[in-house]
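*Asks:* Next up is a structure, given as structure tokens.
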Amino acid sequence: MKQFNLKYILSVGVSLILFSCEKQLNQTNPNAQTSATFWKTSTDALAGVNACYQMFLEDGGYMRFSPVLENVEGDDVRSQSPWTAISNVGKFQLGTADLSGYGWTFDEYYQGISRCNQVLTYVPGIEMDADLKNRVLGQAYFLRGLFYFHLVNMWGSVPLPTQVAEVAPQSSPAQGWARVISDLSTAAGLLPAQYSTDGGVDSKDLGRATKGAAMSFLGKAYLFNKKYDSAAAEFKSVIASNVYSLVPNYEDNFTDVNENNSESIFELQFSVTAGGTDLQWQGIPSPTWGFYSARAITFGGPNFGWRDVQPTQTLLDEYRQEKTVDGKIDPRCLATVLYNDTVDTHAANTPMYQTTFQAAYSSSPAYMSDVYCKKYENWYGNKPNEYDWKSGINERLMRYADVLLMYAECENELGNQAFAAQYIQMVRSRVNLPDRQAEFAGYTQAQLRDQLGHERMLEFALEGHRWDDIRRWGWLSDATKLAWLKSRDPEFNSYIPGKELLPIPQTEIDNNPSVKQNATY
Amino acid sequence: MKKWKLLFPLLLIFCAGMAQETIKGSVRDKDGNPVVAATITLKGGNISTTSAEDGSFTIRARPGQTLIISSVGFEEYDVKIGAKGTPVAALLTTCSNALDDVVVVGYGTVKKKDLTGSVSVVNVADAEKNPTHDVAKMLQGQVAGVSVQGSGEPGGYVSIKIRGVSSFDPNGNNANSPLFVVDGVIIDAPFDFSVDDIESIQVLKDASATAIYGTRGAPGVIIITTKKGRVGAPRVTWNTYVGLQNVPKKIPVLDRVGYQKSVNAADVNAGLTLAPANDPSSPNYVSNVNTDWQHEALKTGLIQDHNLGLSGGSEALTYNLSLAYFNQEGYQVGPQAYNRYSINSSLQGKKGRVSYGARMAYTYSKKGNYAATYNHAVFGGTVTSMLTAIPILPVYDSARLGGYGGSDQTIDRAISANVVGINKLVTDWSERNRILLNGWLEVEILKNLKYKANASFDRTDYKNYHYEPKFDMGYYYLNTNYYYHQDFGAPNTQLMENTLSYSLKHDRHQLDLLAGYTFQKSNVNWISASSSSTADLTYQTFSNATASSNTITEYRGINTLTGRLARLNYNFDDRYLVTANFRRDGSSKFAPSYRYGNFIGFAGAWNIHNEKFIHLPAAISTLKVRGGWGSVGNEYPLGQYQSQSYINTAANYNFANTFASGSTTVSLSDPNVHWESTTTTNVALDLGLFNERLTFTAEYYVKNPKDLLVNEPLPYSVGSNPASIITNVGAVRNTGAEFTLGYKKTDGAFTYNINANFSTLTNKVLKLGVANQPIYGAGSKTQVGHSAGELYGYQTEGLFQTAADVTNHAYQSALTAPGDVIFKTQDPKNEHNNAYQLTDANDRTFLGVTIPKYYYGVNFSANYKRFDFSVFLQGSGGNKVFNAVYAALMSGQDGNQHKDELNFWTSSNTNTKIPRPIMGDPNGNARFSDRFVQDGSYMKLQNLQIGYSLPASAGIISKHYMSRLRIYVSGENLLTFSKYKGYDPDFISDGLINRGYDYGSFPNARTFMFGIQAGF
């Protein structure tokens, strides 16, 4: 009897255990919503498009490497960085064995595209306010167009996925530009001119992509493809919208004291206060991440930053070519480069951070006579240096001044030199340079091209435009111009044709069978 | 036995009156525990007796005669009777390969002679001579087929594999590590427990043996049994050792003069001005500092281990209690050390048809971690940074915040970590509190039908603490914010097992059946908090930190496993043995349709020596052939919830400094992930000669893990982060032969034995992904048709001597010049001499296998009278290592360099292989190439030990109620025979994709120690 009881109890007990345990194989993730259950509400849609912007804040984005890759090649910039991921950019020496830097940028732009593709795939099916939906979709088209703009511009032939998790084949640059133009055109049709007047959950969100931003980049894309008519039409509309104007103080475009101002058409939002306290490099986003830029420490001068990037002497010389109407140095020089500027300003010293340039480098003649970055640096505030890696200065990707000068360029190419001259002078007048509109109006097309080259270099130094300009003007394939560039920036000595494009990361080639490496890599 | 006990006094009485006297003596094992019921026989006579419960015996014999003392499980012991009145003390040592030894296999035991699968029994006495905190490290060189990589970091991680790669470890959670089963409980991180408590270790290597642990058995299983109490009066043991540790080798790096010569040449070659610190014409020239960083950053460390044991009990309940303390302070200057306090208690007993037992173990450990800073990478870790630190820096500099020296960006230019300063200023430690509770109950329901329930609870509360103050250690190492971080977690695992076993013996048939159901639930949870701001944090609590700078993250998750298992063992007449296994396992990690996996195993053995129709020579005592085939599943490499993609809600942005929440899917997941399975085939031969004096085992295996979860790389253009997806696409094959030899000999007072093993391993990757995309690592490429983690890089062909050489070779760089390295073109399209044909990534090639092709270990131990002596040699070979430390020291850049660098190419020093140093390295001389690939073969004199056991008559023993006292001196890692130019060819790495990449592993210390083993 005792035996029977024992067996009975055991078998019941065992079967109970068997039964209950199998149920425990069903486990749901308590940490996060599964992807399949998302994209149901307007809140999801808005959070989804906000996530697209976030990609620009990572290491490969404008936190660090996008500005590096856009700037270091130009004759306005050089690099003596001990980190070859930076110094090899300017020397056209990037290799495929190490994808640090450029590979991160490539990777992160595609992560941004993946996020845009999610919005563009799932948001149309959400039942929500139609206007808000248009604004959300418009931003996703804009951001995807902007990511593709960078990819096509820097790498040439790239895959163009438009679906979630798509392995897309390599496309030609022409197909890439068509994608950029298509996305930006669609965005321009969906986006509002300004958010502050629209009401709703995204009102007052300065920094969101607008119709003007979409049209400006669309015009830029046409310009880069020498479609001057189409480009001019976009720029003309932006100017005619009367939303934008040049700010009186040029420097206000590069500090954190007058962000999202009237000249700003699209700017990336960095902040030292709004987010977490960890530096946001790359990887799976964490709530601890802040919205910091590491541009300032990377571009900053020695003993204040890493001096990985610095202006060339050529740039300083170029600023000294023309004085303001009252005989002073071009104020853009003093907003762009840090150097022993007392020769130009006749001031006693050059304030920077908590000290002066002269005091900081007094022990080292070599450093005293060198030139460092000032634009987008926190030299003016109360920071002692950039060594906390945390800069909150917004990066202005599209300024009204650029629209004006691109418009002038289109008109020059279309043969309207006189018409173009007014826009060139408009930009010069803001910094108090002499009125030479009439003189420019009489220039030949070729003369005005050269003048535009000079004007754009001074207006946009360290803003990543110079390298684009050099390439699209064909200077690299023009022996005279190339020799001139070499004389201005010895880094061009190691340029060979083909290196105007970045290498496609080897991992893309290894894992996407249709992708071939760019020539010369 | 009881009958004999009655008989012997009679015999003794019968013999009285002869010229003999009563000899008293005692029989003890090596731990000083009495051996009960040992047989004591007078040599040449037929008188014998047995030892009592306290190990004592008396026998009638004459002085000068020899007694033979034997007991099951122990080596036979001969002892000569001394002068009148001298008690005989016999110390028995455990048999290492007695055929009647019971071997613990999954959910049961078998006699060694009945084994069908591949199971190795570790000689714990040999293994324990290695002073370590981790049982995995203890096994290095002890077992054929087991490979171990370790380092000299106190409390450092040890990588152990059985029969090669069995997982691609997509989550980096150590998935190639075998499953550890301690007293029937599956245990992760066995390093938490004291090695002193180990009684026996067996290694299950093939699927027929491991299948019973199907859910996690694929990488192999290591079964550990801890010491149990024995029936008898309370017994106390005390084991202790104290040792000194240092780095046995110094890397020849440059002093100030050499450094300045090399770095100045690099500046001149790049057309740069000299750094002021290195320019004799500069006022900032450094001529009075010449720091030898190895001298400054290394010291002699202390290692110690103490263990106090108490055991005893009655048949109804025996107990074993042990207290242990282990401490290892590092040989690197700083406060870092590993401390572990542990208590282990086990109870077991039997009453009628019910057996029961329980174990409780608690461990506290604290491990101080070396130099790591949050925002400032210590390149290559503390070891590499110590070597590349420039000699022109002082260790201390009171002018800098924190008081430690650092380089100046404008004067020195080099980025140089001060590891002494970082070790001391940064506080980084990990604390673990672990409790393991286990209870079991076995009921014999009917005769030979047993039900066993086994339940356990295993919880580790850990805390990782990191604090770094603001400091200024020069260029790059400038911390303007404090950084404070803590992780807390309390992962726990619950295990419930129910097994039913039945044993039937009829005539010549023996049948054992086992069936069971297991359930395991693992609960993972952690909270992580950090804070960073420019304010001072004098009192390090989050309460004192700037509130807005405190951030917190949390994770929690559960995964469960169920298993149904069955096993059949059949033995016919001790001649034919058959084993069959079956498992059906379920895992919560997979989607419902992929949840279950079925795994089977078969094995058989033939004891040829028991065949009557085969007449073996008398010398052959055992001749057995074995073979098996089976499959085992694995789900461990997959993380919780990884079969479902999820929404990341931290992809946030801000608009004009106003926070804006962002959500998106960041990482792609494969919803179809399922069980990995490993199939093994094993054939073996066991041979015993001269009544098992010489034993030999040879095995050959093929281990085929397939459906392996791989981080299959995705093109970046897909936009997933990470740019990979975990999916079941991998397959590898490991093949190898294993030989184990044992020999023992007793020659009067001199006994010795040799245990040697040798094994080979060949790994081949069979499948990697849909398109078999290779996996690139640090200087390695894992590709189908090659072994995992093979080195991959450029082949070099000497140096360019003239400008014509440069132009005649495929284009390498616009700035390539004489003195630069010639890289061989492998890609046919790059071979032609053309300005725009160049060496590129396609010109890389395979540079060597990183998995050693063979492994061996030899233990020799001898006893002479009261002295014992042992030597342990261990090694592996046939592998290549990418010496990344050497590469860093031969970079020709502004860090410190190896002495070899001074022989760099100049136009007047052309007969050299060392390229010209040039800042920026435009030709990529330092890229991954065969310049830094070195032979990783080595043989080590791992241990040499001499011990002396005091006689029972010694005053110290009798006065202090001792039963045993052995003292010994030991040396560990005494000699390394190797061509490797790094610190230590036995280094830690990920053991897989970057198996051969040595970037500053802590070299294994050389240890000299003194130990005492006592029994009371």
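The values are calculated or read from the model by the stated rules, or taken from the named source; none is laboratory data. Just so it is clear, the structure is predicted and the values come from calculations on it, not from any experiment. Methodologically, a virtual Cβ is constructed for each residue, glycine included, from the backbone with ideal geometry; neighbour enumeration extends over all protein chains shown.
*Asks:* Confirm whether residue B:529 is modelled with pLDDT under 95, within 14 Å of another protein chain (Cβ to nearest Cβ) and part of a strand (DSSP E or B). Spell out how you get there, then give the answer.
*Replies:* Details: modelled with pLDDT under 95: yes; within 14 Å of another protein chain (Cβ to nearest Cβ): yes; part of a strand (DSSP E or B): yes.
Yes, satisfied.
*Asks:* Within the group B:273, B:291, B:237, B:226, which residue is touching a Gly at 6+ places or on another chain (Cβ under 6 Å) and hydroxyl-bearing (Ser, Thr, Tyr)? Break it down into steps so the answer makes sense when it comes.
*Replies:* Working: B:273 fails: touching a Gly at 6+ places or on another chain (Cβ under 6 Å); B:291 fails: touching a Gly at 6+ places or on another chain (Cβ under 6 Å); B:226 fails: touching a Gly at 6+ places or on another chain (Cβ under 6 Å).
That would be B:237, the only listed residue that is touching a Gly at 6+ places or on another chain (Cβ under 6 Å) and hydroxyl-bearing (Ser, Thr, Tyr).
*Asks:* Go over the candidates A:76, A:59, A:44 one by one and state the one that is over 20 Å from residue B:813 (Cα atoms), surrounded by fewer than 24 Cβ atoms within 10 Å (Cβ to Cβ) and more than 9 Å from every other protein chain (Cβ to nearest Cβ). If you could, list the steps in order and put the result at the bottom.
*Replies:* Values: A:76 fails: surrounded by fewer than 24 Cβ atoms within 10 Å (Cβ to Cβ); A:44 fails: more than 9 Å from every other protein chain (Cβ to nearest Cβ).
Exactly one of A:76, A:59, A:44 is over 20 Å from residue B:813 (Cα atoms), surrounded by fewer than 24 Cβ atoms within 10 Å (Cβ to Cβ) and more than 9 Å from every other protein chain (Cβ to nearest Cβ), namely A:59.
*Asks:* Next up: Can we say residue B:236 is among the aliphatic types (A, V, I, L, M), surrounded by fewer than 20 Cβ atoms within 10 Å (Cβ to Cβ), in a strand (DSSP E or B) and touching a Leu at 6+ places or on another chain (Cβ under 6 Å)? Full working, then the answer.
*Replies:* Working: among the aliphatic types (A, V, I, L, M): yes; surrounded by fewer than 20 Cβ atoms within 10 Å (Cβ to Cβ): yes; in a strand (DSSP E or B): yes; touching a Leu at 6+ places or on another chain (Cβ under 6 Å): yes.
Yes, satisfied.
*Asks:* Still on this structure: Of all residues in segment B:624-674, which are assigned to a loop (DSSP other than H, G, I, E, B), small (Gly, Ala, Ser) and either surrounded by 21 or more Cβ atoms within 10 Å (Cβ to Cβ) or more than 7 Å from chain A (Cβ to nearest Cβ) (or both)? Spell out the reasoning first.
*Replies:* So in segment B:624-674, the residues assigned to a loop (DSSP other than H, G, I, E, B) come out as B:635-645, B:649-652, B:656-657, B:661-663, B:666-674.
Applying the additional criterion that residues be small (Gly, Ala, Ser) yields B:639, B:643, B:645, B:650-651, B:656, B:661-663, B:667, B:669.
Passing the criteria: B:639, B:643, B:645, B:650, B:651, B:662, B:663, B:669.
*Asks:* Give segment B:576-591 a look and list any residue that's within 14 Å of chain A (Cβ to nearest Cβ) and either within 20 Å of residue B:517 (Cβ to Cβ) or part of a strand (DSSP E or B) (or both), or say none. Before you say what the answer is, go through the steps one by one.
*Replies:* Pass one, segment B:576-591, residues within 14 Å of chain A (Cβ to nearest Cβ): B:584-591.
Within segment B:576-591, B:584, B:585, B:586, B:587, B:588, B:589, B:590 meet the criteria.
Condition check ((1) in a strand (DSSP E or B); (2) free of Cβ contacts under 8 Å to residues at least 12 places away in the same chain; (3) more than 18 Å from residue B:701 (Cβ to Cβ); (4) among the β-branched types (Val, Ile, Thr)) across all residues:
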residue	(1), (2), (3), (4)
B:104	yes, no, yes, yes
B:116	no, no, no, yes
B:129	no, no, yes, no
B:160	yes, no, no, yes
B:166	no, no, no, no
B:173	no, no, yes, no
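*Asks:* Consider only pairs whose beta carbons are under 7 Å apart and that are at least six residues apart or on different chains; among these, list those whose first residue lies in segment B:407-419 and is at negative phi and more than 7 Å from every other protein chain (Cβ to nearest Cβ) and whose second residue is assigned to a strand (DSSP E or B) and aromatic (Phe, Trp, Tyr).
*Replies:* Pairs that qualify, where the first residue is at negative phi and more than 7 Å from every other protein chain (Cβ to nearest Cβ) and the partner is assigned to a strand (DSSP E or B) and aromatic (Phe, Trp, Tyr), are B:418/B:404.
*Asks:* From the list A:187, A:209, pick out the single residue that is within 20 Å of residue A:49 (Cβ to Cβ), in contact (Cβ under 8 Å) with a residue 40 or more places away in the chain and outside any helix (DSSP H, G or I). If you could, list the steps in order and put the result at the bottom.
*Replies:* Values: A:187 fails: outside any helix (DSSP H, G or I).
Testing whether each residue is within 20 Å of residue A:49 (Cβ to Cβ), in contact (Cβ under 8 Å) with a residue 40 or more places away in the chain and outside any helix (DSSP H, G or I) leaves just A:209.
*Asks:* Okay, next question. Take residues that are of a type in the set (Val, Ile, Thr) and more than 14 Å from every other protein chain (Cβ to nearest Cβ) and tell me which of the helices (runs of 4 or more DSSP H) falling wholly in segment A:413-521 contain 2 or more.
*Replies:* Details: elements: A:417-430, A:437-441, A:445-460, A:466-472, A:479-488, A:506-511.
Of the helices (runs of 4 or more DSSP H) lying wholly inside segment A:413-521, those with at least 2 residues that are of a type in the set (Val, Ile, Thr) and more than 14 Å from every other protein chain (Cβ to nearest Cβ) span A:417-430.
*Asks:* Separate question: For residue A:332, which of the numbered conditions (1) part of a loop (DSSP other than H, G, I, E, B); (2) away from chain B (no Cβ under 14 Å); (3) at negative phi fails to hold?
*Replies:* (1)
*Asks:* Report the residue count in segment A:169-184 for those that are in contact (Cβ under 8 Å) with a residue 40 or more places away in the chain and surrounded by fewer than 20 Cβ atoms within 10 Å (Cβ to Cβ). Before you say what the answer is, go through the steps one by one.
*Replies:* Within segment A:169-184, the subset in contact (Cβ under 8 Å) with a residue 40 or more places away in the chain is A:169-170, A:177, A:180-181, A:183-184.
Going one step further and asking which of them are surrounded by fewer than 20 Cβ atoms within 10 Å (Cβ to Cβ), we end up with A:169.
Qualifying residue count, segment A:169-184: 1.
*Asks:* If I filter segment A:100-117 for residues that are surrounded by fewer than 24 Cβ atoms within 10 Å (Cβ to Cβ), closer than 27 Å to residue A:207 by Cβ and in contact with a Lys or Arg (Cβ under 8 Å, 6 or more places away or on another chain), do I get at least one hit?
*Replies:* yes
*Asks:* Give me a count of the residues in segment B:768-803 that are charged (D, E, K, R) and either within 14 Å of chain A (Cβ to nearest Cβ) or under 24 Å from the mean Cα position of the chain (by Cα) (or both).
*Replies:* First, pick out the residues of segment B:768-803 that are charged (D, E, K, R): B:781, B:790, B:797.
Checking which are either within 14 Å of chain A (Cβ to nearest Cβ) or under 24 Å from the mean Cα position of the chain (by Cα) (or both) leaves us with B:781, B:790.
Here the count works out to 2.
*Asks:* Which of (1) at negative phi; (2) modelled with pLDDT of 90 or more is the odd one out, the single condition residue B:775 does not satisfy?
*Replies:* Residue B:775 satisfies all of (1) at negative phi; (2) modelled with pLDDT of 90 or more except (2).
*Asks:* Mind listing just one residue for me: the one in segment A:153-167 that is in a loop (DSSP other than H, G, I, E, B) and either on the phi > 0 side of the Ramachandran plot or in contact (Cβ under 8 Å) with a residue 60 or more places away in the chain (or both) and, of those, surrounded by the most Cβ atoms within 10 Å (Cβ to Cβ)? Spell out the reasoning first.
*Replies:* From segment A:153-167, those in a loop (DSSP other than H, G, I, E, B) are A:156-158, A:160-167; that's our starting set.
Narrowing the set further to residues that are either on the phi > 0 side of the Ramachandran plot or in contact (Cβ under 8 Å) with a residue 60 or more places away in the chain (or both) leaves A:156-158, A:165, A:167.
Numbers: A:156: 19, A:157: 20, A:158: 28, A:165: 16, A:167: 15.
This residue is A:158.
*Asks:* Can you list the strands (runs of 3 or more DSSP E) lying wholly within segment B:929-1016 that have 1 or more residues being at positive phi and either aliphatic (A, V, I, L, M) or buried (at least 19 other Cβ atoms within 10 Å of the Cβ) (or both)?
*Replies:* Details: elements: B:933-935, B:938-949, B:964-978, B:1006-1015.
Ranges flagged: B:964-978.
*Asks:* Can you name the residue in segment A:187-236 that is of a type in the set (Phe, Trp, Tyr) and touching an Asp or Glu at 6+ places or on another chain (Cβ under 8 Å) and is also modelled with the lowest pLDDT among such residues? Full working, then the answer.
*Replies:* Residues of segment A:187-236 that are of a type in the set (Phe, Trp, Tyr), as a first pass: A:195, A:217, A:222, A:224, A:228, A:235.
Imposing the further condition that a residue be touching an Asp or Glu at 6+ places or on another chain (Cβ under 8 Å) reduces the set to A:195, A:222, A:224, A:228.
Numbers: A:195: 85, A:222: 98, A:224: 98, A:228: 98.
My answer is A:195.
*Asks:* When you look at residue B:896, is it within 26 Å of residue B:1006 (Cβ to Cβ), part of a loop (DSSP other than H, G, I, E, B) and at pLDDT 95 or above, yes or no? Steps first, answer last, please.
*Replies:* Details: within 26 Å of residue B:1006 (Cβ to Cβ): yes; part of a loop (DSSP other than H, G, I, E, B): yes; at pLDDT 95 or above: yes.
Yes.
Yes/no per residue for (1) farther than 30 Å from residue B:597 by Cβ; (2) out of contact with any Phe, Trp or Tyr (no Cβ under 9 Å at 6 or more places or on another chain); (3) surrounded by fewer than 17 Cβ atoms within 10 Å (Cβ to Cβ); (4) among the aliphatic types (A, V, I, L, M):
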position	(1), (2), (3), (4)
B:717	yes, no, no, no
B:776	yes, no, no, no
B:784	no, yes, yes, yes
B:808	yes, yes, yes, no
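*Asks:* Out of all the residues in segment A:118-141, which are within 14 Å of chain B (Cβ to nearest Cβ), hydrophobic (A, V, I, L, M, F, W, C) and assigned to a helix (DSSP H, G or I)? Break it down into steps so the answer makes sense when it comes.
*Replies:* Of segment A:118-141, the ones within 14 Å of chain B (Cβ to nearest Cβ) are A:118-123, A:126, A:135-136, A:139-140.
Filter once more, keeping what is hydrophobic (A, V, I, L, M, F, W, C): A:119-120, A:123, A:126, A:136, A:140.
Matches in segment A:118-141: A:119, A:120, A:123, A:136, A:140.
Yes or no, residue by residue, for (1) at pLDDT below 95; (2) hydrophobic (A, V, I, L, M, F, W, C); (3) under 21 Å from residue A:352 (Cα atoms):
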residue: A:263; (1), (2), (3): no, no, no
residue: A:269; (1), (2), (3): no, no, no
residue: A:275; (1), (2), (3): yes, no, no
residue: A:287; (1), (2), (3): yes, no, no
residue: A:295; (1), (2), (3): no, no, yes
residue: A:299; (1), (2), (3): no, yes, yes
residue: A:310; (1), (2), (3): no, no, yes
residue: A:323; (1), (2), (3): no, no, no
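*Asks:* For residues in segment B:880-913 being within 26 Å of residue A:92 (Cα to Cα) and without any contact (Cβ under 8 Å) to a residue 60 or more places away in the chain, which is surrounded by the fewest Cβ atoms within 10 Å (Cβ to Cβ)?
*Replies:* In this case the residue turns out to be B:891.
*Asks:* Something else about it: Just to be sure, is residue A:53 within 8 Å of chain B (Cβ to nearest Cβ), of a type in the set (Ser, Thr, Tyr) and part of a helix (DSSP H, G or I)? So that I can check it myself, show each step before the final result.
*Replies:* Numbers: within 8 Å of chain B (Cβ to nearest Cβ): yes; of a type in the set (Ser, Thr, Tyr): yes; part of a helix (DSSP H, G or I): yes.
When the stated conditions are applied, residue A:53 passes them.
*Asks:* Same structure, new question: Name every residue in segment A:212-235 that is touching a strand residue (DSSP E or B) at 6+ places or on another chain (Cβ under 6 Å) and either of a type outside the set (S, T, N, Q) or not in a helix (DSSP H, G or I) (or both), in order of residue number.
*Replies:* A:212, A:213
*Asks:* Here is a follow-up. Looking only at segment B:454-485, count every residue that is over 20 Å from residue B:535 (Cα atoms) and more than 11 Å from chain A (Cβ to nearest Cβ) and tell me the total.
*Replies:* Counting residues in segment B:454-485 that are over 20 Å from residue B:535 (Cα atoms) and more than 11 Å from chain A (Cβ to nearest Cβ) gives 10.
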